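Below is one structure, written out as structure tokens, with a few remarks after it.
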Amino acid sequence: MKLQSRTHRSTAEMQLAPGSNGQTVRTGIHRNKALASAGESNAARRYLATLALSGRRSQRWALAEMAEIWRGRPVKDASRLHWHTITADAVARIRQVLAERFAVATANRALTALRQVLRSCWRGGLLAYEDYLRLSDIRPVRGDGAVRGRALQQQELDRLYAVCAADPSPAGARDGAVLALGHAAGLRAGEIAGLNLVDVVDVVTGELLVRGKGGTLAGASLGEGAAWLAAWLALRGEAPGPLLYHVRRFGKVVPARLSPGAVFQIVKRRAAAAGVTNVSPHCLRKTHATALLRAGFDHLMVMRSLRHRDVRSVRCYDRRADAERAAAQRAAIRVPMPAARS
């Protein structure tokens with residue numbers, strides 16, 4: 001009877017359609033064994049391989065969270081799952097749980113990972129095009145979400161740099177350079193860790209070449225922060241390799257690259273010593289963007305300074321207070337006074 005039921009499937013179910021790679025796949029049966037191949041578990045890995053290291057970590061975590069929602073239990077390696085077997089109901093449940101459990105930006109970033117993995121499945125011939133379109137048609141999670149991160153006040157910045165200046169060991173100069181790269185140049189933690197000596201174009205002016213997300217290459221300027229870079233380079237030497245080294249106990253410099261996590265710990269440790277709370281490398285970046293906006297530079301210039309591709313991203317970095325907004329409106333808007341009435 002099973003053989004007979006397979007023979008009498010509907011014509012629509014058995015209709016053939018071209019896949020993205022020229023293969024012929026079956027529409028409406030995205031779990032058909034005919035689509036399985038030795039590389040079916042590599043769809044997620046192919047997607048992750050296209051990302052920078054920092055993005056790879058976050059999206060690997062996102063896939064693990066979604067895999068747990070889908071399967072109802074923790075999954076050891078979500079990149080090995082057969083994502084082409086997911087159903088529309090499972091996709092809807094994943095979106096609902098993500099919206100309830102995480103911030104808006106985090107939920108949408110995870111949904112982006114899911115869409116891209118499904119696209120990788122289609123490109124690998126594991127999903128028919130109709131199935132790919134249906135499954136990846138996921139509405140973004142809406143809402144502003146809680147404002148995360150902050151811009152530091154000048155007094156807080158002064159205390160942070162003072163703590164580094166008071167440290168006579170090589171770690172003092174190095175950590176001051178880390179702060180300047182985040183605050184004065186607006187670099188991400190991953191970008192700070194990824195700098196090489198060859199990326200320093202001009203030590204005096206602090207001109208740098210920065211390799212950002214997606215392999216982009218752009219310029220950045222330290223300005224007055226170049227003094228901290230020069231102080232560190234005087235101790236580091238001219239050997240090629242990573243710009244920033246590890247500094248062990250008793251001031252021993254080890255020529256090994258810092259990780260983004262090490263950059264985070266440096267900022268956290270210096271902030272604790274300075275008595276400054278709620279600080280991360282990204283707060284330094286938000287401080288950089290907010291300072292440019294306060295100085296009157298437009299959003300396009302701030303976008304270029306942050307090395308973003310979309311000017312709308314600047315909105316997330318604007319930490320000007322509402323009182324500043326009110327003062328700007330009062331100062332800029334002129335309204336004729338009403339005529340005196342008797």
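Here the Karplus curve 6.51 cos²θ - 1.76 cosθ + 1.60, taken at θ = phi - 60°, turns the phi angles of the stretch 287-292 into couplings of 4, 4, 5, 5, 5, 5 Hz, with x standing for Gly and Pro. In plain terms, the chain from Ala339 to Leu217 could stretch by 38.0 nm, reckoned as 0.36 nm per residue minus the Cα-Cα distance.
Divide the volume of the convex hull around the Cα atoms of the stretch 154-320 by the residue count and you get 109 Å³ per residue. Working from label points 7 Å from Cα in the Cα-to-Cβ sense, the Asn278 to Ala295 distance is 2.6 nm. If R0 equals 41 Å, the separation of the Cβ atoms of Ala326 and Leu209 corresponds to a calculated FRET efficiency of about 0.50. Residue order for Arg211, Arg188, Arg139, Arg174, fewest other beta carbons within 10 angstrom first, comes to Arg139, Arg211, Arg188, Arg174. Using θ = phi - 60° in the Karplus curve 6.51 cos²θ - 1.76 cosθ + 1.60, the 3J(HN,Hα) couplings for the stretch 48-65 round to 4, 5, 7, 9, 5, 4, 5, x, 5, 5, 5, 6, 5, 4, 4, 5, 5, 5 Hz; x is entered for Gly and Pro.
Taken one residue at a time, the phi angles of the stretch 67-76 give Karplus couplings (6.51, -1.76, 1.60, θ = phi - 60°) of 5, 5, 5, 5, 8, x, 7, x, 10, 5 Hz. Gly and Pro are set to x.
The ranking of Cys121, Cys164 from fewest to most other beta carbons within 10 Å of each one's beta carbon is Cys164, Cys121. Residues of the stretch 256-284 falling in the label zone of His246, defined by backbone nitrogen less than 19 Å from a point 7 Å along Cα to beta-carbon, are 256-270. If you take all other residues with their beta carbon under 11 Å from the beta carbon of Ala92, and give Lys and Arg +1 and Asp and Glu -1, the sum is +1.
Values quoted throughout were computed directly from the atomic coordinates according to the rules given, and no laboratory measurement underlies them. All figures in this text were calculated on a predicted structure; none of them were measured in a lab. Note: ideal-geometry Cβ built from the backbone for every residue, glycine included; neighbour counts use all protein chains shown.
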